[in-house]
Amino acid sequence: MNLQTYPENGTRRLTATLWYLTCVLAALIPIAQTAFAAPADRRLQGPVQAVVERVIDGDTLAVRARIWLGQELRVHVRIARIDTPELTSRCSHEREAAGLARDFIHTILYADGQSEPAVWLNDIDQDKYGGRVLARVTVRSGGDIAQALVQAGLARIYDGKKRADWCRELKL
């Protein structure tokens, strides 16, 4: 038993070993809470500056994000809150629209003649498949790329649920 009785006053006290273990556990609780924090805690508010290396498709960019002085991270960024047609679709109409969306982003990014256009990443999270970063992307002037694509009719608002059929809509 880890309790010790003191005959002079009849009280029971923890032994040194049990007291030590209690202190260690109390110290580990904040660490465990941080390690298993709610998913919202893993997000980065931003802004994080990034250089676009390539426009992959209408909603994905390959970037070099500046994460610290002299430290850059190459990552694919999925533009948050939108869905664009897929370049790999079996439907020729969807592939054509996907090419237009990709070219539209390329035009926005390279409009000022920059060889390495800079963007700002905000509200950064992992995408649901884990292979990319999900972020709101703005250009130097402050324009939101997702909003520009939606206004041009090349993207639609996306809530993360099942995608609508682009091909069916584009054939109409």
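The values are calculated or read from the model by the stated rules, or taken from the named source; none is laboratory data. Quick caveat: nothing in here was measured; it's all calculated off a predicted structure. Don't worry about glycine lacking a Cβ; one is built from the backbone with ideal geometry, like all the others, and counts go over all protein chains shown. SASA here: full protein model, heavy atoms, side chains in, ligands and nucleic acids out. Shrake-Rupley method; radii C 1.70, N 1.55, O 1.52, S 1.80 Å.
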*Taking the residues in the range 139-172 that are of a type in the set (S, T, N, Q) and either more than 20 Å from the chain's Cα centre (by Cα) or at pLDDT below 85 (or both) as candidates, determine which candidate is nearest to D83 (Cα to Cα).*
Q151
*Test: residue in the range 142-150 that is under 21 Å from A62 (Cβ atoms), without any contact (Cβ under 8 Å) to a residue 40 or more places away in the chain and surrounded by 15 or more Cβ atoms within 10 Å (Cβ to Cβ)*: yes
_Considering only residues that are open to solvent by 30 Å² or more (accessible area, probe 1.4 Å) and either closer than 16 Å to H93 by Cβ or touching a helix residue (DSSP H, G or I) at 6+ places or on another chain (Cβ under 6 Å) (or both), which ones fall in the range 155-172?_
R156, R163, A164, D165, R168, E169, L170, K171, L172
*Going through the range 125-143 one residue at a time, which ones are outside any loop (DSSP other than H, G, I, E, B) and not hydrophobic (A, V, I, L, M, F, W, C)?*
D125, Q126, R136, T138
*Find the residue count for the range 84-132, including only residues that are of a type in the set (S, T, N, Q), over 24 Å from the mean Cα position of the chain (by Cα) and under 20 Å from I157 (Cα atoms).*
1
